[in-house]
Amino acid sequence: IELNNECNLKCRCCLKNRSSGNVILPFKTIKKTLEEAKSMGISYVRFTGGEPLIRKDIVKILRYTKQNGFTVFLNTNGFLLDKKKIESIENYVDNILISICGYNSRLEEELSGINQNLELKFINIVRVKNSKIPYVRVGTIISKILIREFDNYFKLISTLGIKNWELYRPMLSKHIMKKYQQYNLTKNDFLRLMHYVKRLRNSGMNAYIANALPFCITKNKGLKTVLNGARFDDGHSRLVLDAQGYFKPSYFINKNLGKSIKKAWNHKFIRNINSLQCLPYRCKRCYYLKWCLGGSRYLAKESKGSYFCSDPLMG
């Protein structure tokens, strides 16, 4: 559930930066959605934004959701997680994801677009790690900077005591990737990163590429273990409620599927996505299809003009 569009950062890789104005999802819409979700047996709810902690009623939203029996996930950039805020939400959040853009102030400003007190953010992460919230993760959008400075990022995350690190393939238009070349990644860029991530997994850190990347990008079976595939993208296993009040397949595919979960899940677009009939023949007969699911539908559309084409990084 995207609670709002507003954010205290201006990250180059974020689609919300290119949204018009600030949109706030009404509490009554959140409540109605949670009621439908509960009636359908859905048990996991994730809140994101924009930056959800900007909302003055965020504690009310989290408390209501937890009290109705849901497992509650929260996405945040971490800058607003001071001691008081953590104490107000820690009993209502089961899993928190904190984004990390840069490992130092210079890179943080370059990637997030804002000069913030990065040291304070790191203090907040340690506070969360020591709070009642059971599961703490950090996430980073993959860039050429991340790959080049990978060891420095790893040192930071280890120092913070974090064991769960998610890396995300950037979901950006060709225009934006051309403008910001650090996100215009090649197959070799990803392969290099996959070797780094595999090394971390061997050392005991739960690090992986969390969103859609085709498994056929490599023939190395060991490297494939760092890929999560597309199972959480594009409507394969979850839907996103936009702050404007309609459901869409993912954060990136802004296709209006209607205003109810049931209607959205039964939408022709979602049925077509999940039929996998859009994929090339060699995808359909691939052993890894049930995890890979053909890669990203968003980037298929960006590169080839249709959601039902092959991912541009297919090997």
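The values are calculated or read from the model by the stated rules, or taken from the named source; none is laboratory data. Fair warning: this is a prediction, and the values are worked out from it, not measured in the lab. Quick reminder, even Gly has a Cβ in these numbers, built from the backbone with ideal geometry, and neighbours come from all protein chains shown. When the accessible area is computed, the model is the full protein with side chains, heavy atoms only, and any ligands, DNA or RNA have been set aside. Shrake-Rupley method; radii C 1.70, N 1.55, O 1.52, S 1.80 Å.
Taken over the range 124-142, the residue count meeting the criterion of being out of contact with any Asp or Glu (no Cβ under 9 Å at 6 or more places or on another chain) and farther than 23 Å from Lys66 by Cβ is 2.
Working only within the range 283-296, note down all residues that are out of contact with any Ser or Thr (no Cβ under 8 Å at 6 or more places or on another chain) and either in contact (Cβ under 8 Å) with a residue 12 or more places away in the chain or open to solvent by less than 10 Å² (accessible area, probe 1.4 Å) (or both).
First, pick out the residues of the range 283-296 that are out of contact with any Ser or Thr (no Cβ under 8 Å at 6 or more places or on another chain): 284-293, 296.
Hits for the range 283-296 are Cys286, Tyr288, Leu289, Trp291, Cys292, Leu293, Ser296.
A count restricted to the range 60-86 and to residues that are open to solvent by 10 Å² or more (accessible area, probe 1.4 Å) and closer than 20 Å to Glu35 by Cβ stands at 9. Gly229 meets each of the listed conditions (1) in contact with an Asp or Glu (Cβ under 9 Å, 6 or more places away or on another chain); (2) in contact (Cβ under 8 Å) with a residue 60 or more places away in the chain apart from (1). Based on what the data block shows, is Gly222 among the small types (Gly, Ala, Ser), surrounded by fewer than 16 Cβ atoms within 10 Å (Cβ to Cβ) and touching a helix residue (DSSP H, G or I) at 6+ places or on another chain (Cβ under 7 Å)? The answer is yes for Gly222.
Return yes or no: is Gly139 touching a residue at least 60 places away in the same chain (Cβ under 8 Å) and either under 14 Å from Asn104 (Cβ atoms) or open to solvent by less than 60 Å² (accessible area, probe 1.4 Å) (or both)? Answer is yes for this residue.
For the range 265-287, the set of residues classified as charged (D, E, K, R) and closer than 21 Å to Thr218 by Cα consists of Arg282, Lys284, Arg285, listed by residue number.
In the range 92-116, the residues that are open to solvent by 10 Å² or more (accessible area, probe 1.4 Å) reach residues that are of a type in the set (D, E, K, R) and assigned to a strand (DSSP E or B) with C-beta atoms within less than 7 angstrom, at least six apart or across chains, in these pairs: Leu97/Arg137. Among the residues that make up the range 189-199, is at least one of them under 21 Å from Cys13 (Cβ atoms) and modelled with pLDDT under 95? Checked against the condition, which is being under 21 Å from Cys13 (Cβ atoms) and modelled with pLDDT under 95, the range 189-199 yields no hits at all.
Residues are listed down the side, and each one gets a yes or a no for (1) outside any strand (DSSP E or B); (2) over 25 Å from Ser237 (Cβ atoms):
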residue	(1), (2)
Glu6	yes, yes
Lys10	yes, yes
Glu36	yes, no
Ile42	yes, no
Phe47	no, no
Lys60	yes, yes
Phe73	no, no
Glu87	yes, yes
Tyr92	yes, no
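So which residues in the range 180-194 are surrounded by 15 or more Cβ atoms within 10 Å (Cβ to Cβ), closer than 19 Å to Asp151 by Cβ and not charged (D, E, K, R)? Correct list: Gln182, Leu185, Phe190, Leu193, Met194.
Residues of the range 165-179 include at least one that is farther than 24 Å from Pro214 by Cα and either touching a residue at least 40 places away in the same chain (Cβ under 8 Å) or open to solvent by 10 Å² or more (accessible area, probe 1.4 Å) (or both).
Looking at the range 140-244, the helices (runs of 4 or more DSSP H) lying wholly inside it that each contain 1 or more residues that are farther than 29 Å from Ser306 by Cα and not β-branched (Val, Ile, Thr) sit at 144-148, 150-159, 187-202, 221-224.
Comparison of Lys248, Lys268, Lys255 shows that the only residue that is under 30 Å from Val23 (Cβ atoms), basic (Lys, Arg), without any contact (Cβ under 8 Å) to a residue 24 or more places away in the chain and open to solvent by less than 10 Å² (accessible area, probe 1.4 Å) is Lys248.
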